[in-house]
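Q: One structure, as structure tokens, below. Some questions next.
Coordinate-derived values only; no laboratory data. On a predicted model such as this, the values are computed, not experimentally measured, just so you know. Every residue, glycine among them, receives a Cβ derived from its backbone with ideal geometry; neighbour counts consider all protein chains shown.
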Amino acid sequence: MVLSRRTFSAFAGSAALGLSLSGSAGGAASATGRAHVAPTGPAPGPPAADRAAHTVGLDRYSMLIDGKRLVLWSGEVHPFRLPSPSLWRDVLEKLRAHGYNAISIYVSWNYHSPAPGTYDFTGVRDLDLFLRTAAETGLYVIFRPGPYINAEVDAGGFPGWLTATQGTARTSDPTYLKYVDEWLTAVDRIAARHLYTKGDGTIVLYQLENEYADHVDSPLGRDYMAHLYAKVRADGIDVPLFHNDKGRNGYWAPGTFDTDGETGRYLYAFDGYPSPFRQPPDWGYFGIGGTRGGSTASPETPGFIAEFGGGWFDPWGGVEFGGKGYAESRRTRDAAYERRFYLTNLANGIKVHNVYMSFGGTSWGWLPAPVVYTSYDYGAALDEARQPTAKLIPMHQIGQLLHSVPDLAKLDRAADITVGPDIKAYHLVNPDTKAHVYVLRNDSSTEVVASVPLAGTTVRVPVPGLDARLLATGIALGRRTLRYSSAQPMLWLTAGRQDIAVFTGRLGESTQTALECASEPKVTVLEGDAACAYADGVLRVDAELSGLTRVLVEGGGTSTPLLLLLADDETSRRLWRYDTPSGPVLVHGPALLRTAALRDATVHLTGDTVEAADLEVWGPRGIRDVVWNQGAVKTLATASGSLRAERQLPGVPGVRLPALTDWRRSVENPESAADYDDSDWKAADKTSSYSVTPVPAGQPVLFADDYGYHYGDVWYRGHLTDAGDADSVSLSYISGSQGLLMAWLDGRPLGTHRMPVPDKKTVRQGTWAATATFPVEPDGRGPHVLSVLVRRMQHDQDGTARDTHKVARGLTAVTFNGASPAVTWRIQGEVSPDPVRGPVNNGGLHGERHGWHLPGHADGDWKTVGFPRAERHQGVIWYRTGFRLAIDTAVDASIGLTLTDDPARAYRVQIFLNGWNMGQYINDVGPQHIFVLPNGLLRTRGSNTLALAVLSDGTTPAGPGQVELTLLGSAAGGVPVTLVDSP
Ligand code: GAL
């Protein structure tokens with residue numbers, strides 16, 4: 001890299017540089033009038049499970065951690081959507097590195113409870129380990145265990161077995177509360193071990209219920225919320241509690257239900273999912289302004305957005321829903337979207353901010369609610385394959401800013417300013433430091449140059465279309481004070497003998513930055529082009545943003561030099577701050593910095609590279625040596641006060657993936673044969689159900705949940721006598737979107753019915769019900785056997801608290817036309833839950849019940865076949881193969897399984913990797929073709945087993961077509977990965 005080195009003595013005649021530093025700015029310090037030490041005090045350092053007692057409080061401005069103001073800048077992550085505990089650390093380190101100081105997690109009841117009274121927190125469900133990892137990473141935790149979570153998971157997180165219990169969920173119904181208490185006892189026992197108040201972990205906030213908008217005015221709701229409050233407190237949770245209002249309705253604000261006489265330890269929060277196609281929400285300054293109740297409902301607690309959309313979930317494809325895939329979600333909610341929306345929130349006084357999702361992950365197995373497919377990538381800043389996207393840049397810039405500039409934790413609205421047409425300007429002031437903050441938002445699609453009055457000067461600030469930026473005046477940058485800048489401040493820190501300040505913006509932008517200097521400083525442009533001038537107590541630096549522009553400012557009223565860094569977006573993303581007990585470290589260059597630790601004169605760094613990368617380190621005094629990923633790095637001291645690697649760090653070596661060959665094939669569904677022995681199946685002969693679906697008169701209950709079958713496929717066999725005159729049979733079923741039913745009479749296929757997707761209204765009510773009528777020609781009076789396979793697509797969520805998760809799944813009624821045979825039914829679904837993989841791993845296919853998906857299954861007698869295949873068949877055929885990987889342990893390769901075929905072919909595939917159900921591919925619906933195989937489940941050094949259960953309806957030839965491994969990203973670095981038990 002070329003260093004353009006230009007040293008000159010700053011001079012007073014601004015006209016010489018064509019600058020317009022007007023004298024009206026006033027004296028050196030008077031324009032902003034700030035003292036050099038921020039009375040607000042620094043933001044608290046990164047949290048740890050340090051065994052010390054801490055206070056977690058709040059006032060109307062912000063959370064107060066040990067009395068220090070903190071803006072929580074949190075990202076939503078779901079442990080259950082990444083079934084490989086080692087990778088939790090990878091995701092959390094990536095978020096922390098990119099400026100997040102907190103995460104918010106749901107805990108999904110169904111994931112941990114296969115049966116009433118049974119709660120499993122082991123293996124991939126090890127919540128203790130997750131919370132420990134969050135604390136070790138230095139992230140605060142917002143804990144959200146429901147009982148109801150929604151979250152596009154099966155039944156909104158309610159366990160399958162709860163669908164078959166008495167009582168109305170999400171109310172004060174005693175039966176429901178009994179189960180809720182059981183769950184909370186189990187999950188709170190773990191939460192109580194990780195509270196920041198006790199120094200045992202980093203949980204600082206705990207959510208009750210989720211977007212509970214019904215029964216707000218009734219004792220059913222008020223008593224329920226009061227019960228949850230009292231229960232959680234009785235379980236030893238002493239951090240502030242809150243509820244997330246679905247909109248700004250003011251629901252469940254403090255004082256609206258009984259909080260056991262406690263005040264000041266409960267917060268109002270709300271959620272927002274703005275459309276990228278409409279104007280950003282702007283509801284006024286939290287606590288004092290705005291048109292809807294929620295903005296003013298809780299003036300004594302800080303503005304709190306418990307969920308703000310950082311993407312959006314994608315529905316199944318096809319004409320009905322039209323899911324387009326997550327690339328689209330990431331395109332419509334891009335980095336500028338994040339800036340425009342989140343900066344508006346900050347301008348509106350929001351001090352607890354959580355982006356839903358920041359890493360979406362995978363709704364593996366039977367986790368997805370009917371509305372979504374397997375991937376829950378969400379278009380989030382960190383994608384499903386754990387790869388950082390450009391959306392992390394604004395999160396990084398704003399997160400670092402909030403950490404460096406504590407003034408932002410206490411802001412009042414200040415006088416309106418006008419900045420010209422098409423720009424909405426917000427003006428805020430910290431009442432203690434008198435630092436001013438401005439948010440400029442451009443809702444038009446073209447760039448606007450705003451004329452912004454900043455500290456007595458009018459500054460021209462470009463704001464690209466549909467974008468926003470934050471400006472500040474009067475904030476401390478170490479020993480110096482910012483007069484103003486047209487670039488967004490990102491961070492400052494003290495490293496060694498100097499202060500460092502970073503400003504950012506879009507590539508190619510012209511910026512002006514003015515620093516207060518009591519006397520004329522010595523200014524050296526160390527890199528890039530910058531024009532500098534001193535006049536009237538202000539040093540002004542003009543530079544175009546491109547790469548890293550470095551300006552060293554020495555003297556001018558303080559003996560501590562300031563290194564001013566101006567970075568375009570991409571460059572700013574490669575600037576990593578890490579706080580160590582001896583002081584902060586700033587690293588520039590690699591694709592990711594995970595950790596930094598100081599031992600003697602050595603700074604030990606861990607992180608990732610993708611391309612070959614520079615490495616430059618600023619740190620506390622006395623650092624002489626640098627170690628990167630355990631390897632010593634030769635460095636030179638630079639004029640910037642850093643240590644810089646003499647040679648670039650190497651990028652990631654290429655990763656080769658094997659082709660998938662040697663497939664073996666086996667046909668199943670013996671259940672369809674007339675002579676199949678079903679004598680050990682359960683008799684489906686119940687006469688009543690707690691389902692909200694009525695039991696048809698004169699028929700037995702056929703709802704699968706009533707027989708203990710809650711996930712995946714379910715089989716029925718009806719034994720008929722006197723069916724000889726029947727000319728057709730009508731099978732009514734409910735499955736959820738994309739479900740299907742196939743039937744056989746005495747082993748002969750009758751056909752398949754696929755769930756038509758109902759109109760939006762019925763979707764909301766949670767009914768995917770249909771009746772399939774097939775002509776039959778029974779051969780004589782019988783006995784006959786009607787075999788039916790129903791693919792269920794999970795239970796509805798219960799967003800409106802109407803027990804919609806209790807809408808039946810499976811067959812609901814069967815009628816014969818032309819005859820009235822006597823029928824006895826038997827039913828078979830999933831066998832008892834996999835003790836390691838858990839309840840959502842398996843449904844009730846023959847192959848699943850007999851372990852065909854498991855690595856150890858003996859498939860030696862299966863016939864070898866090649867792909868692609870084109871086979872017309874109603875029913876289920878399995879394919880298995882093995883493959884070996886030998887990926888370097890120093891490489892983090894993220895690998896997916898890609899399935900493609902002619903989209904006219906009607907079939908679907910259940911994908912098992914080493915016995916783990918990685919999701920469902922529907923060839924003629926889509927849009928998902930790539931299934932992420934998380935390392936740990938995937939053995940990156942060793943052999944793996946893939947099993948595909950192909951369900952085809954016989955109307956078209958069916959695949960699989962192309963099935964291949966795909967590299968979704970790789971880096972030199974990563975985290976150590978422990979294999980997940982896969983018996
Ligand atoms: C919210 C809900 C979340 C999730 C989200 C959409 O309303 O609280 O659980 O469902 O919508 O992804």
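Q: Within 10 Å, count the other beta carbons around each residue, average over each peptide in 396-405, 261-270, 636-645, 835-844, and list them highest first.
A: Those peptides, ordered most packed to least, come out 396-405, 835-844, 261-270, 636-645.
Q: Express in nm, to one decimal, how much length is gained between Ala415 and Ala230 on full extension, taking 0.36 nm for each residue of separation and deducting their alpha carbon distance. Mind showing how you got there, number by number?
A: Working: separation 185, 0.36 × 185 = 66.60 nm, distance 4.33 nm.
Extra length from Ala415 to Ala230 when fully extended: 62.3 nm.
Q: Using only alpha carbon pairs under 8 Å that are at least six residues apart, calculate the relative contact order of region 258-391 and give it in whole percent.
A: Computed value for region 258-391: 25 percent relative contact order.
Q: Farthest toward the dipole's positive end in the chain, which of Ser970, Gly954, His54, given Cβ charges of +1 (Lys, Arg) and -1 (Asp, Glu) about the Cα centre?
A: Selected residue: His54.
Q: Which of the trypsin sites (Lys or Arg not before Pro) found in region 376-444 are in a DSSP loop and have at most 12 neighbouring Cβ atoms, other than their own, within 10 Å?
A: When the trypsin sites (Lys or Arg not before Pro) of region 376-444 are filtered for loop state and at most 12 Cβ neighbours within 10 Å, nothing remains.
Q: Now, a different point. Taking the simple approach of a point 7 Å from Cα along Cα-to-Cβ for both Arg189 and Ser582, what is their distance in nm?
A: It works out to 4.4 nm between the two label points.
Q: Over all distinct Cα pairs, what is the inverse of the mean 1/r for region 233-372, reported as the Kirkwood hydrodynamic radius in Å?
A: When all Cα pairs of region 233-372 are included, the Kirkwood radius is 16.9 Å.
Q: Kindly write out, for region 240-247 in residue order, the coupling ³J(HN,Hα) from the Karplus curve 6.51 cos²θ - 1.76 cosθ + 1.60 (θ = phi - 60°), rounded to whole Hz, with x marking Gly and Pro.
A: Result, ordered by residue: x, 9, 7, 10, 9, 5, 5, x Hz.
Q: On to the next question. Sort out for me the Cα centre separation of region 220-285 from region 154-183, rounded to whole Å.
A: Going from one Cα centre to the other spans 21 Å.
Q: Would you please classify the overall shape of region 789-835 from the alpha carbon gyration tensor, given that a ≥ b ≥ c denote the square roots of the eigenvalues, rounded means a/c under 1.5, and beyond that prolate means a/b larger than b/c while oblate covers the rest?
A: Verdict is oblate for region 789-835.
Q: I need the phi-derived Karplus couplings for region 459-468: 6.51 cos²θ - 1.76 cosθ + 1.60, θ = phi - 60°, integer Hz, Gly and Pro marked x.
A: The phi angles translate into 10, 8, 10, x, 10, x, x, 6, 9, 8 Hz.
Q: Residue by residue through region 43-58, what is 3J(HN,Hα) from phi via Karplus (6.51 cos²θ - 1.76 cosθ + 1.60, θ = phi - 60°)? Round to whole Hz and write x for glycine and proline.
A: For region 43-58, the Karplus curve yields 5, x, x, x, x, 8, 7, 9, 6, 9, 6, 10, 9, 10, x, 7 Hz.
Q: Could you give the spread of the C-alpha atoms of region 647-705 along their three principal axes, from largest to smallest, in whole angstroms?
A: Principal-axis extents of region 647-705 (Cα, largest first): 80, 35, 17 Å.
Q: Could you compute how fast region 670-828 diffuses translationally, taking Rh as the Kirkwood radius over C-alpha pairs and applying Stokes-Einstein at 25 °C with viscosity 0.890 mPa s? Give it in µm² per second. Please list the in-between numbers first.
A: On the way: Rh = 15.8 Å.
In µm²/s, the coefficient rounds to 155.
Q: How many nm is it between the label spots at Ala683 and Ala531, if each spot is 7 Å from the Cα in line with the beta carbon?
A: 9.4 nm
Q: Which is farthest toward the positive dipole end of the chain among Pro620, Leu95, Gly843, measuring Cα position about the Cα centre, with Cβ charges +1 (Lys, Arg) and -1 (Asp, Glu)?
A: The one lying farthest along the dipole's positive direction is Pro620.
Q: Could you bin all the Cα-Cα distances of region 845-972 into 10 Å bins starting at 0 and give me the percent of pairs in each, rounded to whole numbers?
A: 12, 43, 34, 10, 1
Q: Using the Kirkwood radius built from alpha carbon pairs, what does the Stokes-Einstein equation give as D for the chain at 4 °C and 1.567 mPa s, in µm² per second? Present the calculation step by step, with values, prior to reporting the outcome.
A: Working: Rh = 30.2 Å.
This corresponds to a translational diffusion coefficient of 43 µm²/s.
Q: In nm, what is the difference between 0.36 nm times the number of residues separating Ser519 and Ser820 and their Cα-Cα distance?
A: Numbers: separation 301, 0.36 × 301 = 108.36 nm, distance 10.15 nm.
Gain on stretching Ser519 to Ser820: 98.2 nm.
Q: Holding the Cα-Cα limit at 19 Å, pick out from Lys68/Lys391; Lys522/Lys634; Lys178/Lys231; Lys178/Lys682 the pairs that are longer than that.
A: Lys68/Lys391; Lys522/Lys634; Lys178/Lys682
Q: Follow-up. With a point put 7 Å past each Cα toward its Cβ, work out how far Lys434 is from Ala858 in nm, to one decimal.
A: So the label points at Lys434 and Ala858 sit 8.6 nm apart.
Q: How would you order 233-242, 852-861, 414-423, 346-355 from highest to lowest mean count of nearby Cβ atoms within 10 Å? All intermediate terms of the calculation are to be shown ahead of the outcome.
A: Details: 233-242: 18.4, 852-861: 15.5, 414-423: 13.6, 346-355: 25.2.
Most protected by this proxy first, the peptides run 346-355, 233-242, 852-861, 414-423.
Q: Scan around Trp663 for amide H atoms under 5 Å from its own, H built in the peptide plane at 1.01 Å from N, and keep only partners 5 or more places away or cross-chain.
A: Close amide H contacts, sequence-distant or interchain: Val865.
Q: Hey, got a sec? Which GluC sites (Glu not before Pro) in region 632-686 land in a DSSP loop and have at most 11 other Cβ atoms within 10 Å? Spell out each step's value before the answer.
A: Working: sites: Glu646, Glu668, Glu671; in loops: Glu646, Glu668.
Listed in order of number, the matching sites are Glu646.
Q: Straight distance only, please: which aspartates and glutamates reach the Cα of Lys424 with their own Cα at less than 18 Å, same-chain residues fewer than 8 apart left out?
A: By straight Cα distance, Lys424 reaches Asp282, Glu338, Asp412, Asp416, Asp443, Glu447, Asp467.
Q: Still on this structure, I have one more. Report the FRET efficiency, 1/(1 + (r/R0)^6), for Asp888 and Val627, where r is their Cβ-Cβ distance and R0 is 25 Å, rounded to 0.05.
A: Computed FRET efficiency for Asp888 and Val627: 0.80.
Q: Would any residue of region 227-252 have its amide N under 13 Å from a label point 7 Å out along Cα→Cβ of Phe277? List them or say none.
A: No residues fall inside that zone.
Q: Over region 63-389, what is the relative contact order in whole percent, taking alpha-carbon pairs under 8 Å and six or more residues apart?
A: Once normalised by length, the contact order is 18 percent.
Q: Using a Förster radius of 60 Å, what is the FRET efficiency between Arg60 and Leu507 based on their Cβ-Cβ separation? Nearest 0.05, please.
A: Here the calculated transfer efficiency is 0.95.
Q: Could you rank the peptides 721-731, 543-553 by their average count of other C-beta atoms within 10 Å per residue, with the highest value first?
A: Listed from highest to lowest mean packing, they are 543-553, 721-731.
Q: Then there is this: Does region 172-309 come out rounded, prolate or oblate by the C-alpha gyration tensor, with a ≥ b ≥ c the root eigenvalues, rounded set by a/c under 1.5 and, if not, prolate when a/b is larger than b/c and oblate if not? Write down the numbers at each step before the final one.
A: Values: a/c = 1.85, a/b = 1.48, b/c = 1.25.
Prolate.
Q: I would also like to ask the following. Determine the calculated [θ] at 222 nm for the chain from helices alone, applying -39500 (n - 2.57) to every DSSP H run no shorter than 4 residues and normalising by the residue count; nearest 500 deg cm²/dmol.
A: Rounded to the nearest 500, it is -3500 deg cm²/dmol.
Q: Projecting each Cα onto the charge dipole of the chain (Lys/Arg +1, Asp/Glu -1 at the beta carbon, about the Cα centre), which of Leu745, Gly856, Pro42 comes out farthest on the positive side?
A: Of the options given, the answer is Pro42.
Q: If you don't mind, another one. Is the shape of region 495-615 rounded, prolate or oblate, going by the alpha carbon gyration tensor and its root eigenvalues a ≥ b ≥ c, with a/c under 1.5 for rounded and a/b larger than b/c for prolate?
A: Since a/c reaches 1.5 but b/c is at least a/b, the shape of region 495-615 is classed as oblate.
Q: Could you grab the relative contact order for region 402-519? Cα pairs under 8 Å, six or more apart, rounded to a whole percent. Walk me through the numbers before you get to the answer.
A: Values: 262 pairs, mean separation 22.0, N = 118.
Once normalised by length, the contact order is 19 percent.
Q: Under a Cβ-only charge scheme (Lys and Arg +1, Asp and Glu -1), can you give me the dipole magnitude of the chain about the Cα centre, in debye to the nearest 20?
A: Computed charge dipole of the chain: roughly 2440 debye.
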